[in-house]
Amino acid sequence: MIKQFIDYLIRKYFLHKNEELPAFLLQKLFHQGEYLPFTGSSLKIRLMACMANDIVINSKKSILEFGSGISTIIIARLIKLNNLNATIVSIDESQEWILVLKNILKKEGLEHIVTFIYCPTVKSNELLKCFEYDSTILSEQLSKLTFDSVLIDGPIAWSSDKRISRVANIKFFINNLSENFTIFVDDTNRKGEKILVKELKKQLNINPTILDPTFVSFSKGTIFSYAI
């Protein structure tokens, strides 16, 4: 109980301090195009900065993103700004949200960098309290691709009937990882994502790196430090 209370205080009163340096570092990426709406559901700036560092420092070329959003735009801008040989595959269950992001990317000449996959969620036959991405769509789309960077921030998993939905993502990329890879997991302060982290640790045989009380990463191979 004491640890939970301390974690609560950190999240409520102090975590915004961890965003100041990352916000400064990503300032150019946030403001080089049109205004990006930042909400409570947006990926933390610090996580985006760690991911941006990893992409640049470790020459990541093939990025898989579960849950499209501001991170999609920021990473696409980074790839263009640094003239990187990299692409993004971004998966989301909302076709309307994908269209919003596509319009932003098109205005900025970034549409060629991102491939969106619209994939609705269906009730899982394997996991309780889980609505997973439709495997009949996603398995076929991803089967021949290899990824060296993965971000898990979708599908929606905040309600009790979808609590462990992100655990189901593992099967879509576990056999499609490059020799050197990094996996970022958001919202790891929640019960469902804690289960996800445990399962990734088991299947990858790698201990997670705790970057923040709310997100972790897994890395394998020759990887230079990307943490802020």
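The values are calculated or read from the model by the stated rules, or taken from the named source; none is laboratory data. Computed from a prediction, not measured in an experiment: that's the story for all the values here. No Cβ is skipped: glycine too gets one built from the backbone with ideal geometry, and neighbour counts run over all protein chains shown.
The residue that is surrounded by the most Cβ atoms within 10 Å (Cβ to Cβ), among those in segment 22-61 that are among the polar types (S, T, N, Q) and within 13 Å of the chain's Cα centre (by Cα), is Ser42.
Taking into account only those residues within segment 76-132 that are acidic (Asp, Glu) and modelled with pLDDT of 95 or more, which is surrounded by the fewest Cβ atoms within 10 Å (Cβ to Cβ)? Lay out the reasoning, then the answer.
Filtering segment 76-132 for residues acidic (Asp, Glu) gives 92-93, 96, 108, 111, 126, 132.
Next, only the ones that are modelled with pLDDT of 95 or more stay: 92-93, 96, 108, 111.
Details: Asp92: 25, Glu93: 21, Glu96: 8, Glu108: 16, Glu111: 16.
The selected residue is Glu96.
Within segment 207-228, residues that are surrounded by fewer than 20 Cβ atoms within 10 Å (Cβ to Cβ) sit with their Cβ atoms under 6 Å from residues that are modelled with pLDDT under 95 and in a strand (DSSP E or B), at 6+ positions apart or across chains, in these pairs: Ala227/Leu211.
Condition first: under 25 Å from Lys80 (Cβ atoms), in contact with a helix residue (DSSP H, G or I) (Cβ under 6 Å, 6 or more places away or on another chain) and either outside any helix (DSSP H, G or I) or at pLDDT 55 or above (or both). Can you find one or more residues in segment 4-19 that meet it? Give the derivation first.
Kept after step one, since they are under 25 Å from Lys80 (Cβ atoms), are these residues of segment 4-19: 19.
In the following step, the residues that additionally are in contact with a helix residue (DSSP H, G or I) (Cβ under 6 Å, 6 or more places away or on another chain) were identified as 19.
Subset that is either outside any helix (DSSP H, G or I) or at pLDDT 55 or above (or both): 19.
Within segment 4-19, one or more residues are under 25 Å from Lys80 (Cβ atoms), in contact with a helix residue (DSSP H, G or I) (Cβ under 6 Å, 6 or more places away or on another chain) and either outside any helix (DSSP H, G or I) or at pLDDT 55 or above (or both).
Just one of the listed residues (Ser165, Ser68) is under 18 Å from the mean Cα position of the chain (by Cα), of a type in the set (S, T, N, Q) and closer than 23 Å to Leu204 by Cα, namely Ser165.
Among the residues making up segment 155-195, a single one is surrounded by fewer than 16 Cβ atoms within 10 Å (Cβ to Cβ), small (Gly, Ala, Ser) and part of a helix (DSSP H, G or I): Ser160.
Among the residues of segment 173-196, just one is over 20 Å from Ile91 (Cα atoms) and of a type in the set (Val, Ile, Thr), namely Ile195.
Taking the criterion of being modelled with pLDDT under 95 and either in a helix (DSSP H, G or I) or within 16 Å of Leu151 (Cβ to Cβ) (or both), the residues of segment 196-214 that qualify are Leu211, Asp212, Thr214. Does Ser143 qualify as being exposed (fewer than 15 other Cβ atoms within 10 Å of the Cβ), modelled with pLDDT under 95 and at negative phi? Yes.
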